[in-house]
Amino acid sequence: MTIIGIDDTDSRERGMCTTYVADTIARRLADQSATIERLLLVRCNPAVEHKTRGNAALAIHAQTPADEAFDIAWRVIDELAEAADDRTNPGLIVSPGDPDYVPEEVVSFSREAITDHHTRDGARSILDRAGYESHGWKNGRGLIGALAAIGAWRALDDWTYEHITYREPGRWGTERTVDPESVFDAADTCYPVVWDTVDRGTGEAVCVPRTPGPVLYGIRGDSPEGCRLVSKRIESEPIDYERTFVTNQGTDGHLREGTVSSVRTGYAYRLDGTVTSGPETRRGGHVFFELSDDRATIDCVAFEPTKRFRDHVRDLRVGDVLTVCGEVSDGTLKLEKIAVRDRVETEPVTPTCSACNRRMKSAGRGQGYRCRRCGTSASGKTDEPLHRALERGWYEVPPGARRHIAKPLVRGGFDAQTHPER
Ligand code: ATP
């Protein structure tokens, strides 16, 4: 078997998509009678500075001689990559041998590419030691993702699927014709095995991108057959090509266990703490609160695009105990999901007189409360039950605001009750 790793072929303004480049390489290899085993769509650390959008890297696993694979992949990248964009620096690596036997050093590199930051020199020295054939266009930054894609099959064990359809090239850059009703109907047929196809709260077909480029729509889920079935039921403009990718999307692979006092910018965490201030809605509709443990405090934010997730965040109260998940940037954690572990269930209120059933009044500073009518007194406030709309368990941002790598609650495997968005 041969593994072909590629990355960094697309441009934010000019379009293209590395999945399309990988699909084209796979088609050309198949034309040369190679057997295509699978294509991996690997989402690396979403916090890296140089990403175009979702920090995707691609691997093709094929039964084909490594030198032929290198030639074909080189030509396709040369032809399709948007190298005219300053920030596009394609990388290609070819590894002969079975994806299950990639060296340990490459496997660790892949794992770290999803949760950490790598350098080009680091990638180059590993691929030299491994003896892989490679080519980096321009500054060769794409070699980082390409190497991550080579080791991903051994590095990861939670896989999902995305069935991606591609537009005819003549239509790239024009408005996509996809019938929204058919998307919603199709999405219903396979939910929850197929998820994040639509956002039922906003009425948006989230599977259809808005950026320029070859993708018509992408259907994500836990079953490749389910994803293809949903795709088949969607009415749209003609599909030029389609491909099912094996992917680490929807796995939370980017999250590290952390503590409020140890977080660093550029990493994503799962953190425990107590709400110590807020929530407060600021300009732009972003909702902030402070989360603390016994040593430190961090700002957490639910951004405006997270829409109805902000209602749950607005229901938080000082004293609630949470687990929060998200990326830390400039001292603020950008919320992807939260778990309410312990809720504040009572609040201190001015006591009511048991004889007169009237609120008591303050009896003077530090002297408690007294009933104006009958003189009954109380030493301080009493705790009354609080009605909380917010329940215990996990809450998440809606499908329209989900990061590619973030795990939807509907996939299951969480350590508490879940409140999935659909
Ligand atoms: P799209 O998702 O739209 O295909 P993209 O978001 O994948 O685009 P790229 O154009 O691939 O963005 O740019 C990401 C760049 O960051 C690549 O050059 C890749 O090699 C590099 N990279 C990936 N992971 C890491 C990492 N962990 N540390 C440093 N660089 C990384």
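Laboratory data are not the source of any read-out in this text; all were calculated from the coordinates shown. Note that the coordinates shown come from a computational prediction; the quantities given were computed from them, not determined experimentally. Here the Cβ is made from the backbone with ideal geometry for all residues, glycine too, and neighbour counts use every protein chain on show.
For segment 118-132 versus segment 64-79, the spacing of their alpha-carbon centroids is 20 Å.
Segment 160-247 gives an Rg/Rh value of 0.94, both radii derived from C-alpha positions and Rh following Kirkwood.
Taken over the alpha carbons of segment 346-385 as equal point scatterers, the Debye sum produces base-10 log I(q)/I(0) values at 0.23 Å⁻¹ of -0.66. Against the main long axis of the alpha-carbon atoms of the chain, helix 66-80 sits at an angle near 70°.
Kirkwood radius for the chain, taken over all pairs of different Cα atoms as the inverse mean of 1/r, rounds to 23.7 Å.
Placing +1 on the Cβ of every Lys and Arg and -1 on the Cβ of every Asp and Glu, with nothing else charged, gives segment 160-247 a dipole about its Cα centre of roughly 220 debye.
From the alpha carbon centroid of segment 203-239 to that of segment 330-400 is 47 Å. For segment 71-194, the square roots of the Cα gyration tensor eigenvalues, ordered a ≥ b ≥ c, give a/c of at least 1.5 with a/b no greater than b/c, which places it in the oblate category.
Evaluated with a Cβ-only charge set (Lys, Arg +1; Asp, Glu -1), segment 2-155 carries a dipole of roughly 380 debye about its Cα centre, given to the nearest 20.
Our helix-only sum for the chain, with -39,500 (n - 2.57) per DSSP H run of n ≥ 4 divided by its residues, gives a mean residue ellipticity at 222 nm of -6500 deg cm²/dmol. Each of 249, 279, 91 was placed along the dipole of the chain (beta-carbon charges, centred on the mean Cα), and the one lying farthest toward the positive end is 279. Cysteine residues of the chain whose Cβ has no partner cysteine Cβ closer than 4.7 Å: 17, 44, 190, 207, 227, 300, 325, 374. Dividing the mean sequence gap of close Cα pairs (under 8 Å, 6+ apart) by how many residues the chain holds gives a relative contact order of 14 percent.
Compared with the dominant Cα axis of the chain, that is its longest principal axis, helix 18-31 is turned about 30°.
In the chain, the longest principal axis of the Cα atoms and the axis of helix 142-155 are about 80 degrees apart. Between the listed residues 331, 59, 316, the Cα displaced farthest toward the positive end of the dipole of the chain, a dipole computed from Cβ unit charges relative to the Cα centre, is found at 316. For segment 2-155, the convex hull spanned by the alpha carbon atoms encloses 88 Å³ per residue. Between 16, 380, 144, the Cα set farthest toward the positive side of the dipole of the chain (charges on each charged residue's Cβ, about the Cα centre) is that of 380. Only lysine pairs 8 or more places apart, or on different chains, with alpha-carbon atoms under 14 angstrom apart are counted in the chain, and they number 4.
Extension gain, residue 237 to residue 384: 0.36 nm times the residue separation minus the Cα-Cα distance gives 46.9 nm.
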